[in-house]
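Enquirer: The structure that follows is given in the form of structure tokens.
The values are calculated or read from the model by the stated rules, or taken from the named source; none is laboratory data. Since this is a predicted model, take the numbers as computed values, not measurements. Neighbour counts run over all protein chains shown; Cβ positions are idealised from the backbone, glycine included. Only protein heavy atoms, including side chains, enter the accessible area calculation; ligands, DNA and RNA are left aside. Shrake-Rupley method; radii C 1.70, N 1.55, O 1.52, S 1.80 Å.
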Amino acid sequence: MTTRWPWISMLVSLILTLSPFGREIIEAAFFAGEALSRNIWGPIALTIFAIMAAVILLEWLIRTFVFKRRARGATTA
């Protein structure tokens, strides 16, 4: 692991968002002509975005922790 950037979860989020199913959810949540569809799918899409952001943040924190730990060197106790 040479970088702290959470590229794995960002790549998975991008693939899921650009997949046909993900694009259909985004279209139903934000671009639908019917208010009922927007009202149902809007909170669901925002929850999915929040979960993806939390996973990206978690990966970044784990990578930062591991990077700092490796920089200190191995200790035997």
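Enquirer: Measuring from a point 7 Å past the Cα of Ser19 along Cα-to-C-beta, which residues in segment 46-76 have an amide N at less than 20 Å?
Expert: Flagged as within label range: 46-57, 59.
Enquirer: Given a cut-off of under 8 Å on Cα pairs at least six residues apart, what relative contact order in percent is computed for the chain?
Expert: Relative contact order comes out at 40 percent.
Enquirer: Tell me, what % of the accessible area of the chain is carbon and sulfur with a 1.4 angstrom probe?
Expert: Carbon-and-sulfur percentage of accessible area, whole number: 72.
Enquirer: When the helices in the chain are scored as -39500 (n - 2.57) per DSSP H run of 4 or longer and the sum is shared across all residues, what 222 nm value do you end up with, to the nearest 500 deg cm²/dmol?
Expert: Here the helix-only value at 222 nm equals -27500 deg cm²/dmol.
Enquirer: Would you rank Arg38, Arg72 by solvent-accessible area, highest first, keeping every protein chain in place and using a 1.4 Å probe?
Expert: Accessible-area ranking of Arg38, Arg72, largest first: Arg72, Arg38.
Enquirer: Counting only heavy atoms of protein chains, what accessible area per residue, in Å², does the chain have with a probe of 1.4 Å?
Expert: Heavy-atom SASA per residue in the chain reads 81 Å².
Enquirer: Quote the Stokes-Einstein diffusion coefficient, in whole µm² s⁻¹, for the chain, based on the Kirkwood radius over alpha carbon pairs, a temperature of 4 °C and a viscosity of 1.567 mPa s.
Expert: D, rounded to a whole number, is 89 µm²/s.
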